Each structure stands twice: as C-alpha cells, then as structure tokens.
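One structure is given below, encoded as structure tokens.
The values are calculated or read from the model by the stated rules, or taken from the named source; none is laboratory data. Owing to the predicted nature of the structure, the values given are computational and were not obtained by experimental measurement. Every residue, glycine as well, gets a Cβ built from its backbone with ideal geometry; the counts of neighbours run over all protein chains shown.
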Amino acid sequence: MFNIMRYINTTDFQIVYINEELNIVNYDRINYMENEKISLSYSLGTVVIIGENLRVRKLLDNEIVIVGDINTLDFRK
C-alpha cells in the first residue's frame, strides 16, 4: 500500500520528468548553471543536465525545476 507520509518526508534524491519539466529533489548543491549545462551534487555523486535553453523555473532549499530542451542526464560518481 502507498504510504503518503513516507513519500512526503523522503530524503532520497529523486528526479521526475513530466510535461517537459525536470523536477529534482533532495540535491546537495548546484555546482554550476549555464544555458546548455546544469550540474548538481547529491549524496551518491553528480548529475549533469545537458540541453539547450535550460533555465530554472523553481528553486527551493532542496528542490529545483528545470525547463528547456533537455537532451541528456549524465550521472557521475
């Protein structure tokens, strides 16, 4: 059975892509942001988002929403 409180209170790193928006939660820090590349650190390494016209639609302490023409997600340890 689905546990809504576990979902709401999770501290796991998560990426969800819906309706041309990339929602990332529980990242540690933003390494750099450019129009074609955004790099974020998380507990297991780094994720690099590669595309064109990338921009941040939403930015909170542990959540970021990225929009634009996203081509690649590159996970690095």
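Working only within the stretch 18-33, note down all residues that are assigned to a strand (DSSP E or B), in contact (Cβ under 8 Å) with a residue 24 or more places away in the chain and farther than 14 Å from T72 by Cα.
First pass over the stretch 18-33, keeping only residues assigned to a strand (DSSP E or B): 18, 21-25, 29-33.
Now drop any that are not in contact (Cβ under 8 Å) with a residue 24 or more places away in the chain, which leaves 21-25, 30.
If the condition is that a residue be assigned to a strand (DSSP E or B), in contact (Cβ under 8 Å) with a residue 24 or more places away in the chain and farther than 14 Å from T72 by Cα, then N23, I24, V25, I30 are the ones that fit.
Each row is one residue, and each column tells you yes or no for (1) assigned to a strand (DSSP E or B); (2) without any contact (Cβ under 8 Å) to a residue 12 or more places away in the chain; (3) loosely packed, with under 15 Cβ neighbours inside 10 Å.
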position	(1), (2), (3)
D12	no, no, yes
I15	yes, no, no
N35	no, no, yes
I38	yes, no, no
V47	yes, no, no
G51	yes, no, no
V56	yes, no, yes
G68	yes, no, no
L73	yes, no, yes
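Among the residues of the stretch 7-26, write down those that are at pLDDT 95 or above and among the acidic types (D, E).
Result: E21, single match.
In the stretch 26-77, which residues are touching a Gly at 6+ places or on another chain (Cβ under 7 Å) and closer than 22 Å to T10 by Cβ?
Matches in the stretch 26-77: F75, K77.
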